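Worksheet for the structure shown next.
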Amino acid sequence: MINTEYHDPVLLNECLEALIKDPSGTYADCTLGGGGHSFAIASRLAKEGHLHCFDRDPEAIAFATKRLEAFKNQVTFHPVAFAKLSEEIAPNTLSGVLYDLGISSHQVDDSKRGFTFQGSNPLDLRMDTREAESAQQWLRRVSADEMAGAFRFNADLDRAYKLALKIIEIIAATEGEILPENIRRAVESVFPDKRHEINGILARVFQAIRMEVNGELHQIEESLRGAVNCLLPGGRLVVISYHSVEDRCVKNTAAEFEKDCLCPERLPVCRCGGHNRKLKKWNRKPILPSAEEIARNPRARSAKLRVYEKV
Ligand SMILES: C[S@@+](CC[C@H](N)C(=O)[O-])C[C@H]1O[C@@H](n2cnc3c(N)ncnc32)[C@H](O)[C@@H]1O
């Protein structure tokens, strides 16, 4: 049963093919969302198989718990950030770990969550609403330098410093909550020559703020390191990313584990023993969605699937 109302799972068959080698194994879906991938994984498990589902968004956990009711004896829910993977799961126990990064369609579509620049709700952008700092608080706290750094690094945005100064100026003159229209005004004023691209720029600005508020790159690095530890030899690490900064973070973190020798480059001879490799690539080039999938689900268009195997 594919219920696409909450979120239409991306690259579903490709993920399942890469992830599940042993139907009696134990798996982790680190980004449960609406449970689309989890439902399909659980449906393929033998009765000895088990699935650990992580999501830091309590709404996702509540929705998917109902959806996975039929598998309740084989599924354990972890309502925490996936950086905690290795605190929750024992080392060398998993046959596969899946990440479908970013946010779900439900999170974007529910304007109360303040994820979208198209709504009129105050900026929030927290995946876990129990976390202390919302986007509004982040915008009020950081310096122009820090804000500009986030726009540059997380979204490759030019005129980042000018935009940060403008946002700070507009916020200072705004009584009450920070609304999407305040950010739009700043973007329109800094990019007057790009009137036809304003929505694209706003999407990137929101992405950059969201990544800071949720510590997304730190979460990915920390969790991938934990996943390497939790996987059994031969186990698969399956990751879908949706933009270049996320993808680079996945590639660079995995690359640390693809090297045999961990000695600093300046050492003339290897001193570490040279047998440290823990991951190898399962697919040389990232797997992309088909034209048919993109036509059916436009949110799949930027997806890239990378798969590694623990050695
Ligand atoms: C793209 S959606 C996953 C959709 C899911 N695969 C499906 O088929 O419905 C990403 C989900 O991961 C969650 N998420 C993102 N970063 C997270 C993190 N660091 N820890 C835990 N959950 C996270 C989000 O709250 C969101 O529900």
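We did not get these values from a lab; they are worked out from the coordinates using the rules stated. Everything quoted here is computed from the prediction, not taken from an experiment. No Cβ is skipped: glycine too gets one built from the backbone with ideal geometry, and neighbour counts run over all protein chains shown.
A few notes on this one:
- Seen against the Cα atoms of the chain and their longest principal axis, helix 144-155 is set at about 50 degrees.
- If you sort the three axes of the alpha carbon gyration tensor as a ≥ b ≥ c, you get a/c of 1.5 or more for region 164-311 and a/b above b/c, which makes it prolate.
- Residue-span extension gain [Ala203 to Glu256] - 0.36 nm each, minus C-alpha spacing: 16.0 nm
- Selected from Thr31, Ser95, Thr174, residue furthest toward positive end of dipole (the chain; charges at beta carbon): Ser95
- Fraction of antiparallel bridges per DSSP, the chain only, in percent to nearest 5: 35
- Karplus-derived 3J(HN,Hα), 6.51/-1.76/1.60, for each residue of region 95-112, Hz, glycine and proline x: 8, x, 10, 10, 10, 10, 5, x, 10, 8, 4, 4, 4, 6, 6, 7, 5, 4
- Local electrostatic count, Asn283, Cβ distance below 14 Å [Lys/Arg +1, Asp/Glu -1]: +3
- Contour minus Cα-Cα distance for Ile294 and Ala46 (0.36 nm per residue): 86.1 nm
- Contact order relative to length of region 132-213, as percent, for alpha carbon pairs under 8 angstrom and 6 or more apart: 38
- With a Förster radius of 22 Å applied to the C-beta separation of Ser143 and Thr174, the computed FRET efficiency comes to 0.75.
- 5 angstrom amide H check on His78, placed H, neighbours 5+ away: Cys53, Phe54, Asp55
- The string of couplings for region 42-52 from the Karplus curve (6.51, -1.76, 1.60, θ = phi - 60°) is 4, 5, 9, 7, 6, 5, 7, x, 9, 10, 9 Hz, one whole number per residue in order, with x for Gly and Pro.
- Short-range pairs are left out: with C-alpha atoms under 8 Å and at least six residues apart, the relative contact order of the chain is 18 percent.
- Under 22 Å from the Cα of Lys194 - lysines, other chains or at least 8 residues apart: Lys162, Lys166
- Listed values for region 277-283 are Karplus-derived 3J(HN,Hα) couplings in whole Hz (6.51 cos²θ - 1.76 cosθ + 1.60, θ = phi - 60°), namely 4, 10, 10, 10, 5, 8, 10, and x replaces Gly and Pro.
- Exceeding the 32 Å Cα-Cα cut-off - candidates Lys66/Lys278; Lys21/Lys251; Lys112/Lys304; Lys47/Lys281: Lys66/Lys278
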